[in-house]
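Structure, as structure tokens:
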Amino acid sequence: GDSQQRSTTESCKMAFVMSALTTAMPTVGVRGNVRVAPKAPAQAVSLVGSMNGSVSLGREGVESASFGVEAGGKWFMISHGNKVARLHRPADQRKALLRNLTTDLLRYGRITTTMARAKAMRKPVEHMIQLGKDGGDHKKRQAEAYVYDKELVAALFEQAPARYADRTGGYTRIVRTLRRRGDNAEMAIIELV
């Protein structure tokens, strides 16, 4: 009788500890994309405290799960095979940063920035130059929608066809420089060829 009472008390403590773990641990894991087979509630309690993710009961007793990471109150999906550099910024700030860097490179011809930013901005810069080479009103509107300076776009559409007539791509060059003092970030000079 006494051992049976002790085992039920331990199981209650274990359930309490498992629920405390789920509130204290950062959430790694669950959104409602993937459907898995329903399980008994006792099994769901044991899965909630696991280290590789959490499982929640959705509607109709069916568990739902997908994989991501919650950091600082924001939910980030794991980017398997995603080749876009996030640059440690939300999407709107990242797009604005790339537009600013693209505008500055087209204006000055050469800028110094971090290697990650230089590699990320290479694609939009080359796209704008390709639009300038192709010419036409629609391409010009597309470039004006991305580059912040309309006079710069007009100059690009005048000069790009003659300057890059013999090239089918590779309009930029990235050259490594000394690392940045302070945080030792990898720096680069990106320039128009």
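Available extension along the chain between TRP75 and ILE111 is 9.6 nm, counting 0.36 nm per residue and deducting the alpha carbon span.
Would region 148-193 count as rounded, prolate or oblate if I go by the C-alpha gyration tensor, calling it rounded below 1.5 in a/c and otherwise prolate when a/b exceeds b/c, oblate otherwise? The shape class here is oblate. Pairs with C-alpha atoms separated by more than 22 Å, drawn from the list LYS95/LYS150; LYS83/LYS139; LYS119/LYS139; LYS119/LYS150; LYS83/LYS133; LYS83/LYS140, are LYS83/LYS139; LYS119/LYS139; LYS119/LYS150; LYS83/LYS133; LYS83/LYS140. Taking the square roots of 5 times each eigenvalue of the Cα gyration tensor of region 101-188, largest first, gives ellipsoid semi-axes of 27, 13, 10 Å. The heavy atoms of MET187 present about 30 square angstrom of accessible area, all protein chains included, probe 1.4 Å. Ranked by the mean number of other Cβ atoms within 10 Å of their residues, highest first, the peptides 129-138, 90-99 fall in the order 129-138, 90-99. The 1.4 Å probe gives accessible areas that order VAL175, VAL193, VAL147, largest first, as VAL175, VAL193, VAL147.
Taking 0.36 nm per residue of separation and subtracting the Cα-Cα distance, full extension of the segment from GLU151 to ILE189 would add 11.2 nm. Length gained on full extension, ASP137 to ARG167: 8.6 nm, using 0.36 nm per residue less the C-alpha separation.
The values are calculated or read from the model by the stated rules, or taken from the named source; none is laboratory data. Keep in mind that this is a model prediction, so the values were computed, not measured. Here Cβ is always computed from backbone atoms with ideal geometry, including for glycine, and neighbour counts include all displayed protein chains. To get the accessible areas, we keep the full protein, side chains included, count just its heavy atoms, and leave off ligands, DNA and RNA. Shrake-Rupley method; radii C 1.70, N 1.55, O 1.52, S 1.80 Å.
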